[in-house]
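Trainee: Quick one: structure below, then a few questions.
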Amino acid sequence: MFNFNYYAPTKVVFGRGAEAQTGALVKAQNCKKVLIHYGSGSVKRTGLLDRVKASLDQEKIAYIELGGAVPNPRLSLVYKGIELARKEGVDFILAVGGGSAIDSAKAIGYGLANEGDVWDFYEKKRKAQGCLPIGVILTLAATGSEMSDSSVITKEEGWIKRGYSSDYCRPRFAIMNPELTMTLPDYQTACGCTDILMHTMERYFTSGGNMEITDSIAEGLMRTVIANAHILVEDPSDYDARAEVMWAGSLSHNGLTGCGNDGGDFASHTLEHEIGGLYDVAHGAGLAAVWGSWARYVYRDCLPRFRKFAVRVMGVSENGSDEEIALKGIEAMEEFFREIHMPTSIRGLGIDPSEEDIKLMAHKCAVATRGSKGSAKVLHEEDMYQIYKMAL
Ligand code: NZQ
Ligand code: ZN
C-alpha cells in the first residue's frame with residue numbers, strides 16, 4: 001500500500017430537479033458575472049439552458065453564454081472563450097453538458113487565471129498557478145470531469161489531443177440530475193458506461209501497491225456499471241439505472257478507486273487520445289476499441305490482478321490456470337462491450353488507419369508520454385505500435 005492524498009472538494013447536488021438549485025449555488029460563490037459554457041445545442045433542444053438561465057435570473061446573477069464545445073473540444077474555442085470572458089469581466093464559469101463542455105470550461109478557466117498561452121499547460125511546458133472557479137451541470141455520465149482534476153483539449157494544428165491535470169480546476173459544485181441523461185443517444189450512453197469502467201480499470205490494473213478497500217470499491221463499481229449498462233440497453237428511461245451510472249462516473253475518476261495504488265496505468269487512455277485526436281471518434285468507443293488488445297498485450301505482466309478481475313468482476317469460475325482465468329476475464333469484458341454495442345477493434349470505429357497513420361499515432365503517443373506509459377506493463381513506442389496493430 002502506497003501513501004496517497006485524496007482530495008475531492010466538489011459539492012455534489014444529486015437527484016431529480018437538481019438544476020433548479022443552480023442560481024442559489026452560483027450565488028454562494030459570490031461572483032459578479034458568469035460565463036455559461038455548453039456544447040453544440042443539446043442543452044437548447046432539451047430546454048435545460050432556459051431553465052438554468054431562469055434560475056440565474058431569479059437570483060439576479062449576470063451572465064453571458066458561449067456554446068460550441070464539440071466532442072474532443074478544440075483549442076480555438078478555448079481561446080475565443082478566454083478573450084470573451086476577459087472582455088466581459090467574467091469571474092465564474094458554469095459548464096452545462098458533458099465532458100467536452102466541462103473540459104473546455106476548465107481550459108478557459110486556466111487561460112483567465114494565468115498569463116501566456118494556455119496550451120503550454122497541455123504541452124507540460126509549465127504549470128498553472130490557478131483556474132477561475134468552475135461549476136457544472138452534468139448531462140452525460142462518462143468522463144468524471146465534474147469532479148476530476150483533468151481536462152482534455154485538442155489543438156487543431158496537428159490534431160494533437162492532450163490532457164492537463166491540476167487540483168485548481170476541480171469544480172466547486174456539480175449538479176447531477178440523472179433525468180438529464182435520458183435524452184442521450186444510446187451510443188453516447190454506452191460510450192459513457194465504457195469510459196466510467198475504464199477510469200476504474202486504469203487504476204485497477206497496476207503493478208504497484210494496492211488496498212483491499214480500494215479494490216472492493218473498484219470491483220463493486222465495475223459490477224454496478226456493467227449491470228446497469230445492460231439495463232439501459234433495454235430501457236434508456238430507467239431512472240435508477242441512470243442514477244447508478246451517473247454516480248459511478250464521478251466516483252470512478254475523482255481519485256477514490258486509486259487510493260493506495262501506484263497512480264494507475266492509463267495506457268489505454270493515452271492510446272485512445274491519439275485516435276480521438278486524429279479521427280475525432282467518441283472517447284468511450286475509442287477506449288473499447290483498444291482495450292482488449294492492450295489487455296492481451298500486458299496481462300502476463302500483471303497476472304494476479306487480471307485473474308482477480310476475471311473472478312470478482314466478470315464472474316469467471318476459478319477452474320483452470322491463472323492465465324486461462326485471466327484470458328476468460330478479458331474475453332468477458334469484450335463480450336460486454338459487444339452487448340452494449342461498443343466496437344472492439346479500431347476498424348469497428350468506422351475508420352481504417354494506414355500503416356503510416358498507425359506509426360504516427362504510436363509516435364505521438366510516445367511523445368505525449370515522454371517515452372513510456374503504463375503500470376501493468378510499461379509501454380514504449382514499439383509496444384504502442386504493436387497494440388494499435390493488434391487492435392486494427
Ligand atoms: O454538444 P451537445 O449538443 O451537448 O451534444 C453532446 C455531444 O454530441 C451529446 N450530449 C451530451 N449530453 C446530452 C447530449 N445529447 C443529448 N442529451 C444529453 N443529455 O453527447 C455528445 C458527446 O458529448 P461529450 O461532452 O463530448 O462527451 P463526453 O462526456 O464523453 O466527453 C468526452 C470528452 O472528455 C474527455 C474525452 O477525451 C473527450 O474529449 N475526457 C475528459 C476527462 C476528464 N476531464 O477528466 C477524462 C476522460 O478520460 C476523457 O479523456
Ligand atoms: Zn476516459
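Trainee: I'm checking my understanding of the structure. Among residues of the range 173-213 that are within 16 Å of ligand 2 (Cβ to nearest atom) and among the aliphatic types (A, V, I, L, M), which one is farthest from ALA20 (Cα to Cα)?
Mentor: MET201
Trainee: Name the residue, out of GLY67, GLY130, GLY109, that is among the small types (Gly, Ala, Ser) and crowded, with 20+ Cβ neighbours inside 10 Å.
Mentor: It is GLY109.
Trainee: Out of the range 257-268, which residues are within 14 Å of ligand 1 (Cβ to nearest atom) and not aromatic (Phe, Trp, Tyr)?
Mentor: Within the range 257-268, THR257, GLY258, GLY264, ASP265, ALA267, SER268 qualify.
Trainee: Mind telling me which of the residues THR183, THR154 ends up being closer than 26 Å to LEU35 by Cβ, touching a Ser or Thr at 6+ places or on another chain (Cβ under 7 Å) and within 12 Å of ligand 1 (Cβ to nearest atom)?
Mentor: THR183
Quick grid of which residues meet (1) at pLDDT below 95; (2) of a type outside the set (Phe, Trp, Tyr):
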residue: GLU115; (1), (2): no, yes
residue: PHE121; (1), (2): no, no
residue: GLU156; (1), (2): no, yes
residue: PRO178; (1), (2): no, yes
residue: MET182; (1), (2): no, yes
residue: ASP186; (1), (2): no, yes
residue: ASP195; (1), (2): no, yes
residue: GLU202; (1), (2): no, yes
residue: MET211; (1), (2): yes, yes
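Trainee: Out of THR143, THR183, which single residue is surrounded by fewer than 24 Cβ atoms within 10 Å (Cβ to Cβ) and either under 30 Å from TYR239 (Cβ atoms) or small (Gly, Ala, Ser) (or both)?
Mentor: THR183
Trainee: A further question follows. Of the residues ALA248, ALA289, which is farther than 21 Å from ILE387 by Cβ, within 16 Å of ligand 1 (Cβ to nearest atom) and touching a helix residue (DSSP H, G or I) at 6+ places or on another chain (Cβ under 8 Å)?
Mentor: Among ALA248, ALA289, only ALA248 is farther than 21 Å from ILE387 by Cβ, within 16 Å of ligand 1 (Cβ to nearest atom) and touching a helix residue (DSSP H, G or I) at 6+ places or on another chain (Cβ under 8 Å).
Trainee: Got at least one residue in the range 164-172 being of a type in the set (Lys, Arg), near ligand 1 (Cβ under 9 Å from one of its atoms), in the same structural domain as THR22 (by TED's automatic domain parsing) and outside any helix (DSSP H, G or I)?
Mentor: No.
Trainee: Could I ask something else about it? Checking PRO353 against (1) within 16 Å of ligand 2 (Cβ to nearest atom); (2) buried (at least 16 other Cβ atoms within 10 Å of the Cβ); (3) touching a residue at least 24 places away in the same chain (Cβ under 8 Å), which test does it fail?
Mentor: (1)
Trainee: Go through the residues of the range 333-345 one by one and say whether even a single one is without any contact (Cβ under 8 Å) to a residue 24 or more places away in the chain and in a loop (DSSP other than H, G, I, E, B).
Mentor: No, the range 333-345 contains no residue that is without any contact (Cβ under 8 Å) to a residue 24 or more places away in the chain and in a loop (DSSP other than H, G, I, E, B).
Trainee: Determine if the range 299-318 includes at least one residue that is among the charged types (D, E, K, R), in the same structural domain as THR214 (by TED's automatic domain parsing) and under 29 Å from GLY98 (Cβ atoms).
Mentor: Scanning the range 299-318 turns up no residue that is among the charged types (D, E, K, R), in the same structural domain as THR214 (by TED's automatic domain parsing) and under 29 Å from GLY98 (Cβ atoms).
Trainee: So, in the range 73-99, of the ones that are β-branched (Val, Ile, Thr) and either away from ligand 1 (no atom under 14 Å from the Cβ) or in a strand (DSSP E or B) (or both), which residue ends up farthest from the chain's Cα centre (by Cα)?
Mentor: Narrowing the range 73-99 to residues β-branched (Val, Ile, Thr): 78, 82, 90, 93, 96.
Pick out the ones that are also either away from ligand 1 (no atom under 14 Å from the Cβ) or in a strand (DSSP E or B) (or both) and you get 82, 90, 93, 96.
On the way: ILE82: 23, VAL90: 26, ILE93: 19, VAL96: 16 Å.
Checked the range 73-99; the qualifying residue farthest from the chain's Cα centre (by Cα) is VAL90.
Trainee: Name the residue, out of ASP149, ASP103, ASP117, that is within 13 Å of ligand 1 (Cβ to nearest atom), acidic (Asp, Glu), in contact with a Gly (Cβ under 9 Å, 6 or more places away or on another chain) and farther than 22 Å from THR189 by Cβ.
Mentor: Going through ASP149, ASP103, ASP117 in turn, just one is within 13 Å of ligand 1 (Cβ to nearest atom), acidic (Asp, Glu), in contact with a Gly (Cβ under 9 Å, 6 or more places away or on another chain) and farther than 22 Å from THR189 by Cβ: ASP149.
Trainee: I need a count of the residues in the range 28-42 that are closer than 12 Å to ALA101 by Cα and in a loop (DSSP other than H, G, I, E, B).
Mentor: 3
Trainee: Determine whether LEU232 is over 17 Å from the mean Cα position of the chain (by Cα) and either outside the structural domain of GLY292 (by TED's automatic domain parsing) or surrounded by 21 or more Cβ atoms within 10 Å (Cβ to Cβ) (or both).
Mentor: On the way: over 17 Å from the mean Cα position of the chain (by Cα): yes; either outside the structural domain of GLY292 (by TED's automatic domain parsing) or surrounded by 21 or more Cβ atoms within 10 Å (Cβ to Cβ) (or both): yes.
Taking the combined requirement at face value, the residue satisfies it.
Trainee: Another question, if that's okay. What number of residues within the range 163-172 satisfy the criterion of being in contact with a Gly (Cβ under 8 Å, 6 or more places away or on another chain) and either within 16 Å of ligand 2 (Cβ to nearest atom) or hydrophobic (A, V, I, L, M, F, W, C) (or both)?
Mentor: Result for the range 163-172: 1.
Trainee: Condition test on PHE205, is it under 18 Å from LYS106 (Cβ atoms), more than 10 Å from ligand 1 (Cβ to nearest atom), surrounded by 21 or more Cβ atoms within 10 Å (Cβ to Cβ) and of a type in the set (Phe, Trp, Tyr)?
Mentor: Numbers: under 18 Å from LYS106 (Cβ atoms): no; more than 10 Å from ligand 1 (Cβ to nearest atom): yes; surrounded by 21 or more Cβ atoms within 10 Å (Cβ to Cβ): yes; of a type in the set (Phe, Trp, Tyr): yes.
For PHE205, the condition - under 18 Å from LYS106 (Cβ atoms), more than 10 Å from ligand 1 (Cβ to nearest atom), surrounded by 21 or more Cβ atoms within 10 Å (Cβ to Cβ) and of a type in the set (Phe, Trp, Tyr) - is not met.
Trainee: Right, something else. Quick one: count up the residues across the range 227-255 that are assigned to a helix (DSSP H, G or I) and within 16 Å of ligand 2 (Cβ to nearest atom).
Mentor: 8
Trainee: Considering every residue within the range 183-198, establish whether at least one is touching a residue at least 24 places away in the same chain (Cβ under 8 Å) and of a type in the set (Asp, Glu). Before you say what the answer is, go through the steps one by one.
Mentor: Step one: filter the range 183-198 for residues touching a residue at least 24 places away in the same chain (Cβ under 8 Å), giving 183-184, 186-198.
Within this subset, residues satisfying the condition of being of a type in the set (Asp, Glu) are 186, 195.
There is at least one residue in the range 183-198 that is touching a residue at least 24 places away in the same chain (Cβ under 8 Å) and of a type in the set (Asp, Glu).
The values are calculated or read from the model by the stated rules, or taken from the named source; none is laboratory data. These numbers come from a predicted model, not from an experiment. Please note: Cβ atoms are built from the backbone with ideal geometry, for glycine as well, and neighbour counts cover all protein chains shown.
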